[in-house]
Each structure stands twice: as C-alpha cells, then as structure tokens.
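See below for the structure under consideration.
We did not get these values from a lab; they are worked out from the coordinates using the rules stated. Remember, predicted model here, so these are calculated numbers, not experimental data. Positions of Cβ are backbone-derived with ideal geometry, glycine not excepted, and every protein chain shown enters the neighbour counts.
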Amino acid sequence: MVKRLLIAVALGAGLASDAHATPSYFASAGVLSGLDQESFTDVIPVSANAGGIITFSIGGGGHLGLGTWAGESAAQAGPGYLQTSSHTSVVITDHQASLGSGAKAGGSHATFTIDDVMISGPGSGTVSGTLNLLFEGSLDASANFANAIGGSGSYGQVSIGVGLPGFGGNGGARLGASAPPANTLTLTNSGLLAGYGGGLLALQINSASLPINTLFSITLDLQSETLASYTVDGTGPAVVPISAEGFSNYSNALSFARSGPVFTLPENYTADSPSGKIVDNHFVPEPANIVLLGPGLCVWLWMAVRRRRRLALSGSSGARR
C-alpha cells in the first residue's frame, strides 16, 4: 500500500479562530508503490497526477513470459470539493510456472480546510445543526488465475474524514477480488461509510456545538487506494493469463451539498464562507471551479480505455460495484 503522506489536518478540533481566513488545499498522487509521485499544498486549489508502467519477465527454462504493471492516480482539492481516483493492474500474458510473487499499489489523497465559516443568527454560544455533504464514485476490482498453482488479487478502497466543531469522524469502504476461484468479490466498510459499496451517497454530519456569529473551520479529507498482486507457488503448465486490477474512482467528488442548504439549521440562522463558496447557506462555486465532472472524469475515461485494452489482451473480465 502506498505510504500515506502525513499532513496537519485537525479533524474534529473545530476551534474558533479570530485570525484572518486562509484556506489550505492538499493533493497527492502516487502509483506502483511510489514509482511516480506528486504532491502539492497551497492556499489556492491544487491538483496532482501520476502514472507509470513497469514491464517484467517471468518464467524459466528458456521460456520467458511478459508481465506488465500499470497504474494511474489523480487528485484535486478546491473550494468545497475534493476529487480522487486510482487504478493499479498486473497482467501476465504467458509463463512457465516459477515460484514468485509481486504486489503493487497506487493512491491519491485530497484535503481542504476552510476557517472562515460563520453561522449568523440571534444570540450567542452554539447551535445544533447538520452539515450536508454529497459523496459519489465507484469501487471496482477483478482477479483471474487460470489454475490452482497460485493466485491473484486486487482491491479498490476509498476513505473519507470530516472535521467540524462538535464532530470528527472518518469511514472507509473496500471492494476486493481474489482468484481462484476467479473474481471472488468481498466488500467491507466502516464508520461514516458503513453499508456503502459505491454510487451516490448523501451524508448528514450532526453537531450540537456549531458556534454562532464566530468564525470556525471545516476540514474534508478524501483518499483513493488500489492494489494488484499475484503469486505462483507451484509448478505446472503455462498459465495464460494472470491478471488483477483495482479501481477507486471518486472524480465525481466529496463536496458540500450541490442543491439545498449546506447546513440544516434552526429557523432564522444561515451560514456563509467566502473561501468555501457558501453563500446564504448554499454552495455556489465559481464557474471556473465547477470541475466536479471535469478533469477528474477525463482522467477516469483515459484509465477506462487503457483498462479495456488490457482486458481485451488478457481475455479477462472485471466486476463492478
């Protein structure tokens, strides 16, 4: 698994601030266990992309088969939204069985913190409310191995973190595939993503401690991770093919609610954040920043085309959740 880059995000701290508002954005992308990595931290929207291909030989006795590792990852962080996507695969087209194994991972990570959120209304102290988020994407995994002298596996995983006054939590979901038997899928999830296996999810984050007429911060965090592996642990005839692929596509974003209020609040209260593009309690991104279905989708389409080509060569098929 790609080593996660550690960044200073105070999930759940949600401390009020009297200082000037300075948002922070972070994006990183890495492939094939760190073969190619990019990361950026700034006070303006940032993005990162990484891609790589490694070819290798497998087999013996004068018969060498060809294997290929491939991966692509992308991340973007902007006002009120995060995007991540990752893909890792291995395809071995032919080999005479030789003992050996391999595994490669990829991942992407995006975070933003805004500290100029204000809930305006009568009184002072705190008020109870709900932060409304939209989360959309898919997990995909496949694994194929022609006989029982080894195995292959993969997974696609996503994890999220949310921090605001009175709440700090996270969650994750993973779709894994293994072979043999071919393409056996296992789904696990926890925390904020308990019961989630992909698709569109509306998240409601409840807090009884939202400050009134005082600036406070919100942090959102999103990560996609993928892995592919194979093992040959016996002798036998040529194996054609071995393949495994993992996908985590969240280019459709973790964001503030795109319709309706960002916060569900008592009557006579509203919310604003210039850096978070919250205006009168609605998420209103600037036209230039409406990329929820832009660059991230382009990256994913490119990844999907590459995947179809590899699957066509290997004769394998994927499973999607």
Worksheet, complete the sentence: Placing each pseudo-label 7 Å from Cα in the direction of the beta carbon, I53 and Q204 end up separated by a distance in nanometres of 4.9
Item to complete: Distance between Cα centroids, the stretch 203-229 to the stretch 110-152: provide it in whole Å.
Response: 7
Worksheet item: Of the listed peptides 68-80, 131-143, 166-178, 197-209, what is their order by residue-averaged count of other C-beta atoms within 10 Å, with the highest listed first?
Response: 68-80, 131-143, 166-178, 197-209
Worksheet item: What nm value, rounded to one decimal, do you get for the distance between N213 and E286 when each label is placed 7 Å out toward the C-beta?
Response: 3.1
Worksheet item: Evaluated at 20 °C with a viscosity of 1.002 mPa s, what Stokes-Einstein diffusion coefficient in µm²/s does the stretch 238-277 have when Rh comes from the Kirkwood expression over alpha-carbon pairs?
Response: 143
Item to complete: Using the number of other C-beta atoms within 10 angstrom as an exposure proxy, rank V158, V91 with the fewest first.
Response: V91, V158
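Taking the Cβ of each residue in T184, T113, T226 as the centre, tally the other Cβ atoms inside 10 Å and list the residues starting with the fewest.
T184, T113, T226
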Worksheet item: Among I58, I92, I53, what is the fewest-to-most ranking by other Cβ atoms within 10 Å?
Response: I53, I58, I92
Worksheet item: So how far apart, in nm, are the two label points at T188 and T22 if each is 7 Å from Cα heading toward Cβ?
Response: 4.0
